[in-house]
Structures are given as C-alpha cells and as structure tokens.
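Report on one structure; see the data block that follows.
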Amino acid sequence: MTRSDVPGQRLISLSWLGTALFVASAAAATISLDYFGWPAVIISLGLFGIGIVTMLWAFAIAVERSRVDAIGVGGLFFGAGSAPKPVRWHLLGALTLQIITGFATASVRPFTAVAFGTLVPIFAIGMTGLWVARYGKFEPTDAPGAPDEVD
C-alpha cells in the first residue's frame, strides 16, 4: 500500500503531527517546567479537546453507517478488522507513543502540569475513530450472524 492510495492520509498525518507536538512539549516541560509548563498544558488540553470532538464526530458518522454496516466499538476506535494494517500501524503507533510519553513524563514530574499529558491519548483514539468511521470496511448488517432487525 503506497502513501498515495491510502484514503484519509491527512488524518494519519494529523495524528502524527499532534503526537510530535505533544512529545516535544512534554519533553521540554519535563526538562524545564518553569519555561515550558504552561505551553505543555495548553497543548495537552488542546489535543484532548480535539480528541473529544473527533470521537463524537466519528460516533455520529458511525451511527449513520450502522444502518447498513455492522460497526463495533473495537472496530471503530481501534480499527480492529476494519482498517488495513499499515493504517492501523500508524494510528495505533501514534496512540502508543502518546500513552508512553504521557505516563513517562507524568512519572518523572508527578503532580505538576506535565500530568495533563495523560489526557492526550484521547486525541489518537479520536483520530483513529474518525479515519475508521469515514474509510473503514465493515461487514453489512444483513451478513450471516448479524442481529435481525426488529420491527
């Protein structure tokens, strides 16, 4: 799968851009809390807020798609069975790096502004959900084993 034939490349790139911004700000704040503490808080809370919005957006798209597609939470927010491996690698790789950075920096400087970084992984989950809601592949709801429609 080449970069040009992956749909939603912008969402993947934004996920890595947000991750890089977070890692840089968290590392800087861990090294020098006096100078970089507040910028790190603003970046962490901003990414958290964007993550909440993208999760709600993804959920709204998924609700609409659920009329014809069998969508599960694991498939929607983690790409399980619904996203190609290269896409999952990128989106879940960004999530993993955010989790590691958030908890590692908060462990070095507990009870400080750096601890807001533990909220950032919501950003990656939201970006994954939005990518999957828009471009993910799901089984149709009328597939064998799908729940019957109740009138």
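The values are calculated or read from the model by the stated rules, or taken from the named source; none is laboratory data. Computed from a predicted structure; not experimentally measured. Using ideal geometry, Cβ is built from the backbone for each residue, glycine included, and neighbour counts are taken over all protein chains shown.
Only one entry of SER66, SER82, SER44 meets the criterion of being more than 11 Å from the chain's Cα centre (by Cα) and at pLDDT 95 or above, and that entry is SER44. For first residues located in segment 68-86 and polar (S, T, N, Q), partners that are in a loop (DSSP other than H, G, I, E, B) and lie 6+ apart or on another chain with Cβ distances below 8 Å form the pairs SER82/ILE71; SER82/GLY136; SER82/LYS137; SER82/PHE138. With respect to the stated conditions, VAL73 is among the β-branched types (Val, Ile, Thr) and within 10 Å of GLY129 (Cβ to Cβ). Taken over segment 74-90, the residue count meeting the criterion of being over 21 Å from VAL63 (Cβ atoms) and in a helix (DSSP H, G or I) is 6. Just one of the listed residues (PHE103, PHE138) is out of contact with any Gly (no Cβ under 6 Å at 6 or more places or on another chain) and within 30 Å of ILE31 (Cα to Cα), namely PHE103.
Just so you know, in segment 101-130 the residues that are in a helix (DSSP H, G or I), β-branched (Val, Ile, Thr) and more than 14 Å from the chain's Cα centre (by Cα) include one that is surrounded by the fewest Cβ atoms within 10 Å (Cβ to Cβ), and it is VAL108.
Tell me, which residue of segment 29-60 that is of a type in the set (A, V, I, L, M) and crowded, with 18+ Cβ neighbours inside 10 Å is nearest to LEU97 (Cα to Cα)? My answer is LEU47.
Does GLY37 fit the bill of being at pLDDT below 95, in contact with a helix residue (DSSP H, G or I) (Cβ under 9 Å, 6 or more places away or on another chain) and not aromatic (Phe, Trp, Tyr)? Taking the combined requirement at face value, the residue satisfies it.
Does segment 1-26 hold any residues that are among the hydrophobic types (A, V, I, L, M, F, W, C) and closer than 12 Å to GLN98 by Cα, and which are they? Hits for segment 1-26 are TRP16, LEU17, ALA20, LEU21, PHE22, VAL23, ALA24, ALA26.
State whether the residues of segment 80-92 include one that is in contact with a helix residue (DSSP H, G or I) (Cβ under 9 Å, 6 or more places away or on another chain) and within 14 Å of LEU119 (Cα to Cα). Within segment 80-92, not a single residue is in contact with a helix residue (DSSP H, G or I) (Cβ under 9 Å, 6 or more places away or on another chain) and within 14 Å of LEU119 (Cα to Cα).
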